Amino acid sequence: MPRFDPVSKHRWRQIAFASGFCLSAALTFTGLSAGPASAQEMTLLRDTETEDMLQSFEAPLAKAAGVNPVPRVWLLGDPNVNAFATYGDGGENIFIFSGILLYCKNPNELIGVMAHETGHIAAGHLSRGEVGAAHAAIPMLLSMVLGAAAMALGAGQAGMVIMSAGMAVAQAQMNAFTRVQEATADQIALKLLNATHQSPMGLYSTFERMAAEEAQSAYKIDKFAVDHPIGQDRLAYIEDGVNASPWRDVKDPPQVAHTFEMVQAKLAGFTMPVQSALNLYPESNNSEPARYARAMIYLRKPDLAKALSTTNSLIADEPNNPFFYEVLGQIYVSMAKPILAIPAYQRAVELRPNAPQLRLGLAVAQLATEDSRLANVALQNLKAASLVENDDVFTWYETAQAYSMLKNEPMANLSTAEAYYSAGSVKQAGIFALRARRGLDQGTPDWERANDIVGIASAPQQR
């Protein structure tokens, strides 16, 4: 735990709380704060419970903003306090860093962050960012021409100065463009929170803490050298709107607050250093969130006996919570006892039959038994998962394993091709699709799909 799928070489890495793999993702983004998010390897965490919560927060905001379909919200395993929005062929996406989910003190603060990102989408910033970059590139290109001319005339040092100055001007123009977008997104966020009858105080309190931390930093921030408004300016821009909101004092519903606390505890137990997480959720704390965090901590240590007893205590409290059974199944898989994991995952699936990650967990446990008699039922679970998410790399990887156990080599090759294709490795996908096509009956839907992948992989400029 976690397990990585070796097929992808992309810098977006996906981890399910029960298993993991790599994933390619969009690169264009605009976010809550500055940061080299697009230049770093990101860890994409998959967890049905967390994703359910995030989507429930986003759906009313998107509806109020007139954004359809609702953006998909993803969780990134990154300790930075940040979030950003992207667009791609499948529509808009919002990425929430684990750092900001743990940083927020209540659901309203996280909803405020998501309202800001939805504001970027509603304002069209994801497409206009390219326009801003194009305008900013003009002084840089001119400076490069002048600098190159100066260097050609023998004034090498002067040429370098001209080129550097042009790049600085370009960066300053882009920062100014982005600062305007950030301020606009803040104002739209206020409107969306009002439209959904939610308090803007979460947005304000988050920015307030950020501003205090910014003010305490060891260096002075040049407001013109950053691509987002500095903290105190940001607070000033939204303060009047916050105070004027008729929903200013609305509190989070108790069930929403409980769900947030549970998700936050689970995430802390999964991502924080073990001792830090234990300090935050000590054994003296017998609350449900604390026990949930410790179940994940014990699973990681590993202390599987404690993980089992803690998880069973949670199930005793909430016998119809599918996510507790998911953790129980994960513990048994970690103990190399997949046969014991199957009933736990089966119960989770019974409670949430349309959750693809739960179906995937059940199939993984079934295949891990290495009992060929379970391969067909595992395949049915994987197909059910693919009906909901047909681009999930690890689901296709496990589907290939199921077909291999069933001695169906053409379909194993096609499933491997789908895994590579979903990971963005089109050339490799084409290799396996070609192998699959040779063994499939011509004209069948599977043959047609293999043929499509071969055609795409054969097109110019595919890598």
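A compact table of results
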read-out	value
Glu370 being at positive phi and assigned by TED's automatic domain parsing to the domain that holds Pro343	yes
Counted residues, the range 81-113 - those being closer than 17 Å to Ala277 by Cα and either more than 15 Å from the chain's Cα centre (by Cα) or among the polar types (S, T, N, Q) (or both)	4
Helices (runs of 4 or more DSSP H) lying entirely in the range 229-328 (those with 1 or more residues that are closer than 20 Å to Thr50 by Cβ and among the aromatic types (Phe, Trp, Tyr))	254-271, 288-300
Top-ranked residue in the range 425-451 [being outside any helix (DSSP H, G or I) and out of contact with any helix residue (DSSP H, G or I) (no Cβ under 7 Å at 6 or more places or on another chain); ranked as surrounded by the most Cβ atoms within 10 Å (Cβ to Cβ)]	Ser425
Selected residue (criterion: surrounded by the fewest Cβ atoms within 10 Å (Cβ to Cβ)) from residues of the range 365-390 that are more than 17 Å from Ala348 (Cα to Cα) and among the small types (Gly, Ala, Ser)	Ser372
Options Val327, Val377, Val364; residue that is within 20 Å of Arg291 (Cα to Cα) and modelled with pLDDT of 95 or more	Val327
Subset tally (residues that are within 17 Å of Lys383 (Cβ to Cβ) and at pLDDT below 95) for the range 422-449	1
Residue ID - farthest from the chain's Cα centre (by Cα), chosen from residues in the range 354-378 that are assigned to a loop (DSSP other than H, G, I, E, B) and over 15 Å from Asp47 (Cα atoms)	Asp371
Enumeration of residues in the range 391-419 that are surrounded by fewer than 24 Cβ atoms within 10 Å (Cβ to Cβ), in contact with a helix residue (DSSP H, G or I) (Cβ under 8 Å, 6 or more places away or on another chain) and not in a helix (DSSP H, G or I)	Asp391, Leu406
Meets criteria (modelled with pLDDT of 95 or more and surrounded by fewer than 24 Cβ atoms within 10 Å (Cβ to Cβ)) for Tyr103	yes
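Listed here are the residues, each with its yes/no results for (1) at pLDDT 90 or above; (2) of a type in the set (Gly, Ala, Ser).
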site: Ala34; (1), (2): no, yes
site: Ser38; (1), (2): no, yes
site: Arg46; (1), (2): yes, no
site: Gln55; (1), (2): yes, no
site: Asn68; (1), (2): yes, no
site: Val81; (1), (2): yes, no
site: Tyr87; (1), (2): no, no
site: Glu92; (1), (2): no, no
site: Ile96; (1), (2): yes, no
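Conditions tested, residue by residue: (1) within 25 Å of the chain's Cα centre (by Cα); (2) assigned by TED's automatic domain parsing to the domain that holds Pro356; (3) free of Cβ contacts under 8 Å to residues at least 60 places away in the same chain; (4) crowded, with 23+ Cβ neighbours inside 10 Å.
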position: Tyr292; (1), (2), (3), (4): yes, yes, yes, yes
position: Leu304; (1), (2), (3), (4): no, yes, yes, no
position: Thr311; (1), (2), (3), (4): no, yes, yes, yes
position: Ile315; (1), (2), (3), (4): no, yes, yes, no
position: Asn320; (1), (2), (3), (4): no, yes, yes, no
position: Gln330; (1), (2), (3), (4): yes, yes, no, yes
position: Ser334; (1), (2), (3), (4): yes, yes, no, no
position: Pro338; (1), (2), (3), (4): no, yes, yes, no
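The values are calculated or read from the model by the stated rules, or taken from the named source; none is laboratory data. Remember, it's a predicted structure, so these values are computed and weren't measured experimentally. Note that we place each Cβ from the backbone using ideal geometry, even for glycine, and neighbour counts take in every protein chain shown.
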